[in-house]
Amino acid sequence: MSFNARSAWSIYTRELMRFLRTAFQSVLSPVLTTSLYFIVFGAAIGGRMPDLGGVDYAAFIIPGLLMLTLLGETTSNSSFGIYMPRFTGTIYELLSAPVGVAETLVGFVGAAATKSLILAAIILTTAMLFVDYTIVHPFWALLYIMLVASAFSLFGFILGIWADNFEKLGIIPMLILTPLTFLGGTFYSIDMLPSPWDKIALANPIVYLVNGLRWTFYGQSDVSIGVSLGLTLGFLAVCVAIIAYIFRTGWRLRA
């Protein structure tokens, strides 16, 4: 069956409009959160911190703060976007329509990537109010943000299908993703950790996401950009395979 671009566009616009209907909350939350982090960590603590690899501490934490917001918002938006049709029963309209897995994923992931770029632009604009910074590799930064947004949109999609109540919907973002992000080098370099904690930190997958984005900003990171990119692409491929299996078997969709 050929790719149905109109179906993908319909899903994309529906998801994007859902985001825009709550734009005030979606915009205000990251702006306030980013401002508070810069006031506490950038101004209060950053003045007492040395430069990290020649980068001012307040500028050093920007990629980590960006990743912290992107992971939480992208996963939550995507999981809620597929959970509500299941909860209300409208998922059967999607399943009975001539829409394949490819169109569904393109629509959901495309909307999530667009929302993530909007949030990233808001966060980076807010950061300019507190610190001067430059992005060494802007093209790769844009590409990496979209890659991470796509991967965690798919992850949120899986989470929204797996969850059978609102409590489960928030378990992964709040109890797993957020702590791992805080421990993933958001506010520090893992080179600052004493042994053996610097080696243990490498077991945290978020370390590679944060450092991959940090490399696009400042051309340096604690881990190889190749490893960061490879792990992100691998995670995306695993999520695509799981979703393809879910649609093929109807797991939790037709029950």
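Since every read-out is calculated from the coordinates, none of them should be taken as a lab result. Worth saying up front: this structure is predicted, and the values here are computed from it rather than measured. Cβ: placed from backbone, ideal geometry, glycine included. Neighbour counts: every protein chain shown.
What the table below lists for this structure:
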item	result
Enclosed volume per residue, in Å³, of the convex hull spanned by Cα atoms of the range 128-255	137 Å³
The chain, relative contact order in percent, only Cα pairs under 8 angstrom and at least six apart counted	27 percent
Sorted by Cβ neighbour density within 10 Å, fewest at the top, the residues ILE62, ILE225, ILE246	ILE246, ILE225, ILE62
Stretchable slack from ALA23 to ILE242, in nm (0.36 nm times residue separation minus alpha-carbon distance)	75.8 nm
Relative pair counts by distance (%), Cα atoms of the range 187-228, 5 Å bins	5, 25, 34, 24, 10, 2
20 °C / 1.002 mPa s Stokes-Einstein diffusion coefficient of the range 66-168, Kirkwood radius on C-alpha pairs, µm²/s	144 µm²/s
Most to least packed among 232-240, 116-124 [average Cβ atoms within 10 Å]	116-124, 232-240
Under Karplus coefficients 6.51, -1.76 and 1.60, residue-wise ³J(HN,Hα) of the range 116-126 in Hz, glycine/proline x	5, 5, 5, 5, 4, 4, 5, 5, 5, 5, 4
Spatial separation of Cα centroids for the range 1-74 and the range 218-255, in angstrom	20 Å
Förster radius 51 Å - calculated FRET efficiency between ILE45 and ALA97, Cβ distance, rounded to 0.05	0.45
Over 12 Å [Cα-Cα, the range 125-178], rounded percent	74 percent
Computed helical MRE - 222 nm, the chain, DSSP H runs ≥ 4 contributing -39500 (n - 2.57), nearest 500	-22500 deg cm²/dmol
Relative exposure of GLU15, GLU93, judged by other C-beta atoms within 10 Å (fewest first)	GLU93, GLU15
Which of LEU159, LEU202, LEU229 has the fewest Cβ neighbours within 10 Å, and the rest in rising order	LEU202, LEU229, LEU159
Kirkwood Rh in Å, taken over the range 1-94 so that all alpha-carbon pairs contribute	16.4 Å
Over the chain: Rg over Rh, Cα atoms, Kirkwood Rh	0.99
